[in-house]
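Shown next, in structure tokens, is the structure this report addresses.
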Amino acid sequence: MKDILYKYLSRWTSLGEEDQQAIVNEIRVEKLDKGAVLFKQGDVPAACYFILEGCVRQYAIDEDGREVTTNFYTEEQAIAIFNHHKSDKSSEYTFVCVEDSVLVVGDLDQEKDMYDKHPQLEFMTRRMMEENFSKVQAEFAAFIASSPEARVKTLLANRPSLFDRVPQHQLASYLGITPESLSRIKKRIG
């Protein structure tokens, strides 16, 4: 599992093997069962996460009490909530493991200490977030401009494993369609 961390440290930093080892030894890795909740809508997050193995769903409860899935995080993706603009710092989303998962858990209270101790770790984190933000912007723009069928095709092209890993009703919510529409589209493009 930790080989993924070494890959990221090598890709984003110029740290030597000894410094990489020191960082990896300090990082907390947790195994969580399917259904485990990282934090709920309304909670103030105390940690950020990096997925080594597994799948985590992000959703919110809308005004009508429905769960609206807004993202799925899988291997080598980070989960961080940027809510410093809010006075209460609470999360607008719930994050739950869709399958058994192995996650790096970063304690937000200790984040500054880690960055002070390992400055290149902060640079790496920022670069990863910038890359992720760029992808999210592009995906969101494409999502808004596309038809439901195009959304399904794009998801099949870019993240096909989600169709085997995630319940269909959650995928449909993520795509902004009903489960029945998703079934019809899958049959049509099948």
Just V136, V68, V37 to compare: in a GNM of the chain, with alpha carbon springs under 10 Å, which one fluctuates most?
V136
Cut-off under 18 Å on the C-alpha distance; same-chain residues fewer than 8 positions from K2 excluded. Which lysines are left, in chain and number order?
K31
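Based only on other Cβ atoms within 10 Å, what is the fewest-to-most ordering of T94, T70?
Values: T94 18, T70 13.
Lowest to highest Cβ neighbour count: T70, T94.
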Taking only Cα atoms and a 10 Å spring cutoff, compute GNM fluctuations for the chain and point out the largest among A22, A172, A60.
A22
Taking the dipole of the stretch 32-171 about the Cα centre (Lys, Arg +1; Asp, Glu -1; charges at Cβ), the one of Y49, V102, I144 that reaches farthest to the positive side is I144
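What 222 nm value per residue comes from the helices of the chain, counting each DSSP H run with n ≥ 4 as -39,500 (n - 2.57) and dividing by all residues, nearest 500 deg cm²/dmol? Working shown, then result.
On the way: 8 runs with 89 residues, N = 190.
Dividing the helical sum by the residues of the chain leaves -14000 deg cm²/dmol.
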Going by how many other beta carbons lie within 10 Å of each one, how would you line up T154, T125, fewest first?
T154, T125
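Nothing charged except the Cβ atoms of Lys and Arg (+1) and of Asp and Glu (-1): what's the magnitude of the dipole of the stretch 146-190 about its Cα centre? Round to the nearest 20 debye.
Details: 8 positive and 3 negative charges, 23 e Å.
Here the size comes out at about 120 debye.
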Label-to-label distance, nm, for residues given as R127 and A142 (7 Å Cα→Cβ offset)
2.4 nm
Given the Cα-Cα distance of V44 and D109 and 0.36 nm per residue of separation, how much length would full extension add, in nm?
22.2 nm
For the chain, with a Gaussian network of springs between Cα atoms less than 10 Å apart, report the residue from R151, R66, R57 with the top mean-square fluctuation.
R66
Run the quick spin-label model on K34 and K135: label points 7 Å from Cα toward the beta carbon, then report their separation in nm to one decimal.
2.4 nm
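Only the coordinates and a few stated rules stand behind these numbers; no lab work does. Quantities reported herein were computed from a predicted structural model and do not represent experimental measurements. When we count neighbours, we look across all protein chains shown, and the Cβ atoms used for this are built from the backbone with ideal geometry, even at glycine.
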